[in-house]
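Throughout, read-outs are computed from the coordinates displayed, never taken from laboratory work. What you see is a predicted model; the values in this text were computed from it and never measured. Virtual Cβ from ideal backbone geometry, glycine too; neighbours counted across all protein chains shown.
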Amino acid sequence: VRLSEVGEFGLIARLAEALGVPTDPRLLQGIGDDAAVWRNPADRLMVATTDTLVEGVHFDLSTTDWRDLGWKALAENVSDIAAMGCAPRYALVSLALPSEARVEDADALYAGLRACAEAYECAIVGGDTVRCPQVVLNVTVLGESLPLRNDADVPLLLRSAARVGDALAVTGPLGGSGAGLRVLVEAPQVTELTRQLIEVHRRPLPRVRAGQALVAAGCRCGMDISDGLVADVGHIVERSRLSAEIHADLVPVHPAARAVFGDAALDLALTAGEDYELVCAGPPEVLAAASAELAAIGEPPITIIGSIIAVEGERPAVRVLAPDGAPRTIRTGGYAHFAAGDSP
Ligand SMILES: [Mg+2]
């Protein structure tokens, strides 16, 4: 069935049906009126994030299917909420589709959105659909912090909150998503390991509980790893006006990436993006307390990979100490979203 046959209202009714009725008791009105309505707790901070994915720029339907695209589009936003030490609550989804698009593809996309929404207890409460020559997906997620303990309390993970002497740590293995993408592009033979890596790439698992455990333990600096470890630590040192040192041999490399790509897996762990683990900075005893909390609920431990240091020279930098001890200073600034030749 083509989109042109069901029309916009037909599509909206179908997609709302696909999402089901959220069970959140605080939600007074989801999809179906002019705006969504919910009751907001007074003792929490609200956070919001949004992300737009354009076909051919941010995703490629030759390396992902519609269902996984739906999961990942929501998961990327949930990860930004986790990166603040918060929990996702409500999401809005806007979808632009060409008239000749298949309605079944939109169904699959929304099935993926729903699966992720249910996994992270985030209700999809509204959105929009439009016709457009290209597929474009925009997701907005609203989330909330842990309860405030007093007026001065800011229970969040911020990029700007690193201090000299903090340990730098990550919440899980890195390089799995980059390795999964490499498998998809290079198409080596399919094995149990390559299947696992593709799954990691297509269905990331944002670390909401890890973010909350870090905040509860007293950590105040962190972000999610979307651009790649070194680039994202670069964002922390830029915002904190400090530098960082990463010991490459301490970085937890995804075991399947190591098994398939050998030594090249370390580079994927350092620079490939989309792992959606968290990188954080805080006193070692605070990170140890958060790690123990996570172990108690069956989540991966937190691994210390380096430290926050004062700026040496003119500007913040991330220094990676290779396993042989040789330093490699990597320019901060992260992934170039507007590469040379693109007009901004
Ligand atoms: Mg982020």
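What do you get for trypsin sites (Lys or Arg not before Pro) in segment 227-278 restricted to DSSP loop and a cutoff of at most 16 other Cβ within 10 Å of the site's Cβ? Loop-located and lightly packed - Arg241. Taking other residues whose beta carbon is less than 15 angstrom from the beta carbon of Glu285, and scoring Lys, Arg as +1 and Asp, Glu as -1, yields 0. Stretching Ala216 away from Ala295 to a fully extended chain increases their span by 27.0 nm, per 0.36 nm per residue minus the current alpha-carbon distance.
Estimated at 0.36 nm per residue, the fully extended path between Ala152 and Cys132 surpasses their Cα-Cα distance by 2.5 nm. Note down the nm distance, to one decimal, between modelled labels 7 Å out along Cα→Cβ at Val164 and at Glu192. In this crude label model, Val164 to Glu192 measures out at 5.1 nm. Semi-axis lengths, largest first, of the ellipsoid equivalent to segment 35-170 are 32, 18, 12 Å, with √(5λ) applied to each eigenvalue of the Cα gyration tensor.
The angle separating the long axis of helix 229-240 from the principal Cα axis of greatest extent in the chain is about 80 degrees. Once you reduce segment 66-131 and segment 134-166 to the center of their Cα atoms, the two points are 20 Å from each other. Residues whose amide H falls under 5 Å from that of Ile124, counting only those 5 or more places apart or on a different chain, are Ala91, with hydrogens built in the peptide plane. First check a/c for segment 237-302, with a ≥ b ≥ c the square roots of the eigenvalues of its C-alpha gyration tensor; if it is under 1.5, answer rounded, and if not, answer prolate when a/b is larger than b/c or oblate otherwise. Because a/c hits 1.5 or more and a/b fails to exceed b/c, segment 237-302 counts as oblate. Between Ala119 and Ala310, residue separation times 0.36 nm minus the direct Cα-Cα distance comes to 64.7 nm. For the Cα atoms of the chain, what angle does the longest principal axis make with the long axis of helix 103-119, in degrees from 0 to 90, nearest 10? Between helix and principal axis, roughly 50 degrees.
Largest first, the extents of the alpha carbon coordinates of segment 1-94 on the three principal axes equal 47, 30, 18 Å.
The eigenvalues of the Cα gyration tensor, multiplied by 5 and square-rooted, give the chain an equivalent ellipsoid with semi-axes of 34, 25, 18 Å from largest to smallest.
Among Ser240, Ser79, a tally of other beta-carbon atoms within 10 Å of each Cβ gives an order, fewest to most, of Ser240, Ser79. Net charge of the neighbourhood of Pro301, taken over other residues with C-beta under 14 Å away and scored Lys/Arg +1, Asp/Glu -1, is -1.
Whole-Hz Karplus values for segment 58-64 come out as 10, 8, 9, 6, 8, 10, 9 Hz, taken residue by residue from phi with 6.51 cos²θ - 1.76 cosθ + 1.60 and θ = phi - 60°; glycine and proline positions read x. Based on C-alpha pairs under 8 angstrom that are at least 6 apart in sequence, segment 158-299 has a relative contact order of 45 percent. Between the beta carbons of Asp60 and Phe9, assuming R0 = 25 Å, the FRET efficiency works out to 0.25 to the nearest 0.05.
For the chain, the antiparallel share of DSSP beta bridges with both residues in that region comes to about 70%.
Residue-wise HN-Hα couplings along segment 173-179, as the Karplus relation 6.51 cos²θ - 1.76 cosθ + 1.60 with θ = phi - 60° gives them from phi, are x, 10, x, x, 5, x, 5 Hz; Gly and Pro carry x.
If each Cα of segment 207-277 is one equal point scatterer, what is log10 of I(q)/I(0) from the Debye formula at q = 0.19 Å⁻¹? After summing over all Cα pairs, the log10 values are -0.87. Across the alpha-carbon set of segment 9-53, the Rg to Rh ratio works out to 1.04, Rh being the Kirkwood radius. Residue exposure proxy: Glu192, Glu8, ordered by other Cβ atoms within 10 angstrom of their Cβ from fewest to most, comes out as Glu192, Glu8.
Taking the longest Cα principal axis of the chain as reference, the axis of helix 284-296 is set at about 40 degrees. In plain terms, if you count all Cα to Cα distances in segment 78-126 and split them into 10 Å steps from zero, the share in each step is 23, 45, 24, 7, 0 percent.
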